[in-house]
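Below: one structure, written as structure tokens.
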Amino acid sequence: MKNMIKNKIRKILNISDPHTRTRLLLKVLSVVFAISLWLFVAWDGAAPSVRSLSVPIKYPDLQDGYSITNAVSNIDVTLEGEIENLALLDRDKVTAVVTVQDLRPGKYRLPVQLDIPGGVRLSGYSPQAVDIELFRIIERTLRPTLGVIGDIPENLSLDDVAITPKEVVAKGHETSVLAIRRAEVRSTVDDLTAGVNADLSIVLVTDEGDVSGIRVEPSRVRVNARLVDAVDQKRVPVRVAVEGVPETGFDIGAVSVSPDVVTLRGTKRALQNMNELELRAIDVTGQSENMDIDLPLEPPASDIAILSADTVKVRVEFNMAVEVATFQGVPINVAGQDVDDEWMVSPSSVSVTLERVVSSTAPFDLAHPPIELYADVTNVVSSGLVLPVLVRGLPDGVRALRVDPGEVTVNAVTR
């Protein structure tokens, strides 16, 4: 074909008419250009080519409540194929997957698995394994406190500090969240002297200092506080009264308060006669189950504030009602004696104190004790022996609290 084109060109060059020769030369060149272009396009479209992509790593089986930190978030993938196929390819069609199913929290090196579409071939990818840390995400509720930047002068003290909302939620890496000691909002002495009424950022504090990287909701809270002239403080016990009658057959047992001591702040005159903080009475009418109640702490006067807590927990316990009675001159019998002997017991009677559960038995009849007292002389061979006074015949719900005296002297009298 090459020789044919050369011969054609020679013939054209030998033509004497320049116009004819020019037209024929242009036609030949057009054919040559068209054939060359076709060969270029046909060859380039079918030739193999290479394309590189940066593909994000996915963790499709990550459990709820878990998260991952990793040093590598994307991998470099090299693909081979025809230009037409590679040109239409984007990184969303190439998937890089790391499997973490059933893994416990910890550090791992895991392989990366690739999924590529048809029409292209994988030439290589890097890295082929990634280092990750798998951890649990937890939440923790904290009550923000006010941290003062600088030293508060001795003649000043913080007035009532109001923080709204009273609680925030820290959410993040389990180890980091559990290490939090407190949540603070911070203000300077100068600002507090002038009075602060603003939204301040939450600062999380651990034993190692301030911590970041943990999400706090809300991240800012409203703070209203100021430094005022110092006043006295006093710690007093908390008292809770109980009123009403429990369910029949039950008595009021222990009444406990937590915290049982609070700090009051006010002028010396206001605190002078404050020896305890008495809360509203709890009504136990008809109750038999133990009660757990949160009671708000209310200042006893307008010029006294409670610093240490907002509420106390009160527990009221109930016991089954009991009756205690003492029976005098209860005779002592002899048990296990030899039929040929008589026994003298000294003293011959004692007093005994019994307790009964009110709901389980009939009331005591003080003239007729519901028991028998005895001394067991089985195998006793000597006279003047001291034996314990034993009790038998106790009804259900009745127990002996005390026998007085608890020992008697027995002497055998031979017939």
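No lab work stands behind these numbers, since they all come straight from the coordinates. Remember, predicted model here, so these are calculated numbers, not experimental data. Cβ: placed from backbone, ideal geometry, glycine included. Neighbour counts: every protein chain shown.
Excluding same-chain neighbours fewer than eight residues apart, the aspartates and glutamates reachable from K166 by a Cα-Cα span under 16 Å are E184, D199, E217, D310.
Sequentially through the range 203-219, phi angles give Karplus couplings (6.51, -1.76, 1.60; θ = phi - 60°) of 10, 8, 10, 10, 5, 8, x, 5, 10, 10, x, 10, 7, 10, 10, x, 7 Hz, Gly and Pro residues having no value and appearing as x. Beyond 20 Å in Cα-Cα separation lie the following of the pairs K58/K93; K58/K107; K268/K313; K234/K268: K268/K313. The angle separating the long axis of helix 18-46 from the principal Cα axis of greatest extent in the chain is about 20 degrees. One quarter of the convex hull surface built on the alpha carbon atoms of the range 173-313 amounts to 12.8 nm², the projected area averaged over directions. Largest mean-square fluctuation among R136, R226, R121, in a Gaussian network model of the chain whose springs join Cα atoms under 10 Å apart, belongs to R121.
Which residues in the range 174-193 have a backbone N closer than 20 Å to a point placed 7 Å from the Cα of T164 along the Cα-to-Cβ line? Those under the cut-off are 184-187, 192.
Taking a point 7 Å out from the Cα of D303 in the direction of its Cβ, the residues of the range 246-274 whose backbone N falls within less than 18 Å of it are 264-274. The long axis of helix 2-14 is offset from the longest Cα principal axis of the chain by roughly 40 degrees.
Would you look at the GNM of the chain, springs on alpha carbons closer than 10 Å, and say which of R392, R140, R181 moves the most? Checking each option, the largest mean-square fluctuation is seen for R392.
GNM on the chain, C-alpha springs below 10 Å: top fluctuator among I180, I137, I83? So, out of I180, I137, I83, the one fluctuating most is I83.
Can you tally the net charge around L86? Count Lys and Arg as +1, Asp and Glu as -1, for every other residue whose Cβ sits under 9 Å from the Cβ of L86. Show your work: numbers first, answer last.
Working: positive: R51; negative: E80, E82, E84.
Surrounding charge for L86 is -2.
The L156 and L178 beta-carbon pair, evaluated with R₀ = 45 Å, returns a calculated FRET efficiency of approximately 0.80. Note on the chain: dipole from Cβ charges, positive end direction compared against Q128, T285, S302; the farthest Cα belongs to Q128.
Out of the DSSP beta bridges found with both residues in the chain, what percent are antiparallel (nearest 5)?
On the way: 105 of 121 bridges.
Looking only at bridges with both residues in the chain, the antiparallel portion is about 85 percent.
Positive contributions from Lys and Arg (+1) and negative ones from Asp and Glu (-1), summed over other residues with Cβ under 10 Å from the Cβ of L387, come out at -2.
Charged side chains reduced to their Cβ positions (Lys and Arg at +1, Asp and Glu at -1) give the range 281-415 a dipole of some 380 debye around its Cα centre. The simple Förster model, with R0 at 45 Å and r as the Cβ-Cβ distance, assigns D90 and D294 a FRET efficiency of 0.15.
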